[in-house]
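To keep things clear, I will list the structure first and then write my remarks on it.
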Amino acid sequence: MSFALIQESKKLSPNCSIEYIIHDSLDLPVLHSQQNEEHAPFYDISFAAYLFCLASTEEELVQMLESIYKNLKPGGLFVTVTDNIFDSSAMYSDDTASLGIVKESNKIRRDGDEVIVKFMQQQDNNQQCHQEHTEYEPHIPNSVESERHQYTELCRVTNYWLSPAAYERAFKKAGFSHWEWIEMPTTGIEEFDRNPPITLLKLIK
């Protein structure tokens, strides 16, 4: 969350008891607050969204995990949602524009490879696409009764791919005793369920 969003949140909920602490996730100290003055592991549960996919090396991933580990109580739980490292090459095509994203990467991925994630918006028939935006016409199977649409790129982010083996080595190096990749629940959206763009994970200290 950016500093500007934190300030906006405080304006919208001035009486909220949430405490915001801004720090680098690669070197997060043992956090202390009004409830935790002793610099001891304090938290039962920690959560992150789309953090691990920003690690470009196994070493950076270990640093992130160590930051989380040292702030959890013994037996503490960490849960996260991140880019799907198990996804197939079918996810890397313009056909996924109808899901709101298009991902680009090397066909054979190696640890540290970039994954470009483009966020897409369906273009109105009357809407003029700005020159720097890319238009996509995803293939729609004959069995699906739907019009063909054009999609406009709104923005993009750069993630990084690390192998499942690299992740599990990092879990061990950081000290976690148990981890579990959680299967995505079905949504009823065929393109999403066949190749989910995200994955869920839980770790226990």
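Among the residues of segment 153-186, count how many are open to solvent by 60 Å² or more (accessible area, probe 1.4 Å), polar (S, T, N, Q) and within 16 Å of V81 (Cα to Cα).
Number satisfying all stated conditions: 1.
Six or more apart or on different chains, Cβ atoms under 7 Å: show the pairs whose first residue is in segment 166-193 and polar (S, T, N, Q) and whose second is at pLDDT 95 or above and not in a loop (DSSP other than H, G, I, E, B).
These pairs meet every condition: S177/I204.
Would you mention how many residues in segment 46-99 are in a helix (DSSP H, G or I) and without any contact (Cβ under 8 Å) to a residue 60 or more places away in the chain?
Total meeting the criteria: 8.
Take the residues of segment 84-113 that are under 24 Å from A170 (Cβ atoms) and open to solvent by less than 20 Å² (accessible area, probe 1.4 Å): which is nearest to the chain's Cα centre (by Cα)?
N84
For segment 187-200, what are the residues that are at pLDDT 85 or above, part of a loop (DSSP other than H, G, I, E, B) and open to solvent by less than 60 Å² (accessible area, probe 1.4 Å)?
Matches in segment 187-200: P196, P197.
The values are calculated or read from the model by the stated rules, or taken from the named source; none is laboratory data. No experiment lies behind these values; they were computed from the predicted model shown. Ideal geometry is used to build each Cβ from the backbone, glycine not excepted, and the neighbour counts take in all protein chains shown. Surface accessibility is based on the protein's heavy atoms, side chains included, excluding ligands, DNA and RNA. Shrake-Rupley method; radii C 1.70, N 1.55, O 1.52, S 1.80 Å.
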